1. Kindly provide the set of residues from the stretch 318-339 that are assigned to a loop (DSSP other than H, G, I, E, B) and within 12 Å of the ligand (Cβ to nearest atom), ordered by number.
2. Between residues in the stretch 11-39 that are without any contact (Cβ under 8 Å) to a residue 60 or more places away in the chain and residues that are outside any helix (DSSP H, G or I) and away from the ligand (no atom under 14 Å from the Cβ), which pairs lie under 7 Å by C-beta distance while being six or more apart or on different chains?
3. Across the stretch 360-390, what is the total count of residues that are surrounded by 24 or more Cβ atoms within 10 Å (Cβ to Cβ) and in contact with a strand residue (DSSP E or B) (Cβ under 6 Å, 6 or more places away or on another chain)?
4. May I ask you to list pairs of residues, at least six apart or on different chains, whose Cβ atoms are under 6 Å apart, with the first in the stretch 248-273 being in contact (Cβ under 8 Å) with a residue 40 or more places away in the chain and the second being open to solvent by 70 Å² or more (accessible area, probe 1.4 Å) and charged (D, E, K, R)?
5. Given the criterion touching a His at 6+ places or on another chain (Cβ under 8 Å) and of a type in the set (Val, Ile, Thr), identify the matching residue among THR281, THR292, THR311.
6. For SER141, state whether it is closer than 30 Å to ARG342 by Cα and open to solvent by less than 60 Å² (accessible area, probe 1.4 Å).
7. Within the stretch 323-333, take every residue that is surrounded by 14 or more Cβ atoms within 10 Å (Cβ to Cβ) and in contact with a strand residue (DSSP E or B) (Cβ under 7 Å, 6 or more places away or on another chain) and give me the one that is modelled with the lowest pLDDT.
8. Taking the stretch 164-193, which residues are in contact with a Lys or Arg (Cβ under 9 Å, 6 or more places away or on another chain), among the small types (Gly, Ala, Ser) and away from the ligand (no atom under 13 Å from the Cβ)?
Amino acid sequence: MTAGAPTYDLLGIGLGPFNLGLACLAEPLDDLRAVFLEAADGFSWHPGMMLPDATLQVPFLADLVTLADPTSRFSYLAFLKDVGRLYPFYIRESFYPLRREYDDYCRWAAERLDCVRWGERVVAVEHDGEAYVVRSATGRSWRARRLVLGTGTAPRLPFAVEGPALHSADYLDRKPGLLAASSVTVVGSGQSAAEVYADLLAEQEEHGFALTWVTRSPRFFPMEYTKLTLEMTSPEWSSYFQSLPAGRRAEVQRGQAALSKGISSQTIDAIFDELYRRQATGGVDTTLLTATEVTAARWDGTGYTLDLRHTEQDSTGQLRTAALVLATGYAPRVPDFLEPVRDRIRWDEHGRFLASASFAVDHAGDEVFVQNAEEHTHGFVAPDLGMGAMRNSVILAQVLGREPYAVEKRIAFQEWGIPDRFREEAPA
Ligand SMILES: Cc1cc2nc3c(=O)[nH]c(=O)nc-3n(C[C@H](O)[C@H](O)[C@H](O)COP(=O)(O)OP(=O)(O)OC[C@H]3O[C@@H](n4cnc5c(N)ncnc54)[C@H](O)[C@@H]3O)c2cc1C
């Protein structure tokens, strides 16, 4: 640690959308000295899935700052004004920016911050009795009183797999190899699986490969997007969920796939329409299987043999494919660099972070905070961009002991749990 180096009030590790939002909200606060360390040399949001016509799954108001501070200079509208595209956006009349636009917007915001240190992959976090000392792979280190962990999630693989199989996170980088294959199989049930299948279906006529989509889900189900359901993306629903016993939370979550793991109905219908067009104009060589779990994939140097188990028939089968795309989602991860300070952190019986209502995971409740690593305690809203600004407002309030940005306690018409006024012992 260089002599005279400052001790920061807050240090963010990782600069995905959530910690980038925190940096943008912290920037105007004179009483907070913050720094953010990012392993990459610049902002790049899910480059492997930056499909040309993909859109955000949330409205533009779920940008980095607006739901906390509509006057912020880091808002999506301020970006559009600055890059001269506000009027086209106004005329386009869609709340849903292209994924590429959101990536450009985040890069634009990141470039306007001087608190970001790029190319700094954190490898160790220690505590010197007074503050955290954070060291990166470059050998540099920083000292800070509080940490915010925003290192994101990691691609999830349902089974160990050898050979050239890829996760959807690497789709666009590896796409040329897929187009050259004689057959491609996509495994998965969510938006990424649907987008990869749709993109390959569009390429199939030219490249001629056989195309298969296999999902364990009982159907290709749509993301639930009706307004009373969307009200669950709220602080009061998350507080209610946090109040449930851990076992009940897991049970509730198992029944909530349609809230965060479904496919946008536009994508589903576009796929059907393309299949219909192809059938009417010469036929289409594709297989779509539901309620079918791929339990293993064996690579023999020329292709994969997939073991299939039908979850309703309880029957088994095998599928041969030359190329394999696992669009099987992402999982939260506990970064290894926390090992030296494990004893300062609260863990549940599964070794996961035990986050408080203010997203703190340390025993003191105000030193180490998490972004998008608390789905098991706070619910399906954890990875939702729409809740980023609120979570950051709560974290800043906890750090500063005041609310620099108003934190709404209630936003929904409906209530969750038996309201106090209806409880037996409540006075008439
Ligand atoms: C293709 C795709 C599309 C999505 N679209 C939407 C959407 O439209 N709406 C929505 O609500 N949600 C969406 N999500 C879900 C979610 O919002 C995103 O995953 C979001 O990127 C999560 O942000 P994050 O800040 O938690 O992490 P990430 O974006 O994963 O960023 C984590 C950052 O931490 C850095 N990092 C990791 N380890 C270290 C280290 N040791 N030291 C320093 N830096 C490190 C990484 O380089 C990375 O930049 C999407 C997810 C995917 C995969």
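1. Initially, the stretch 318-339 is screened for residues assigned to a loop (DSSP other than H, G, I, E, B), giving 322, 327-329, 333-335.
Residues satisfying the conditions are ALA327, THR328, GLY329, ARG333, VAL334, PRO335.
2. Here the result reads ARG33/PRO6; ARG33/TYR8; ARG33/ASP9, each pair linking the stretch 11-39 to a residue that is outside any helix (DSSP H, G or I) and away from the ligand (no atom under 14 Å from the Cβ).
3. So the count comes out to 6.
4. Note: pairs meeting the criteria are LEU259/GLU224.
5. On the way: THR281 fails: touching a His at 6+ places or on another chain (Cβ under 8 Å); THR311 fails: touching a His at 6+ places or on another chain (Cβ under 8 Å).
Residue meeting the stated conditions: THR292.
6. Values: closer than 30 Å to ARG342 by Cα: yes; open to solvent by less than 60 Å² (accessible area, probe 1.4 Å): yes.
Considered against the rule, which asks whether it is closer than 30 Å to ARG342 by Cα and open to solvent by less than 60 Å² (accessible area, probe 1.4 Å), SER141 comes out as yes.
7. Initially, the stretch 323-333 is screened for residues surrounded by 14 or more Cβ atoms within 10 Å (Cβ to Cβ), giving 323-330, 332.
Still in the running and in contact with a strand residue (DSSP E or B) (Cβ under 7 Å, 6 or more places away or on another chain): 323-328, 330, 332.
Numbers: ALA323: 98, LEU324: 98, VAL325: 98, LEU326: 98, ALA327: 98, THR328: 97, TYR330: 96, PRO332: 93.
Ranking the qualifying residues of the stretch 323-333, first place goes to PRO332.
8. SER183, SER189, listed by residue number.
The values are calculated or read from the model by the stated rules, or taken from the named source; none is laboratory data. Owing to the predicted nature of the structure, the values given are computational and were not obtained by experimental measurement. Please note: Cβ atoms are built from the backbone with ideal geometry, for glycine as well, and neighbour counts cover all protein chains shown. We work out accessible area using only protein heavy atoms, side chains counted, and drop any ligands, DNA or RNA first. Shrake-Rupley method; radii C 1.70, N 1.55, O 1.52, S 1.80 Å.
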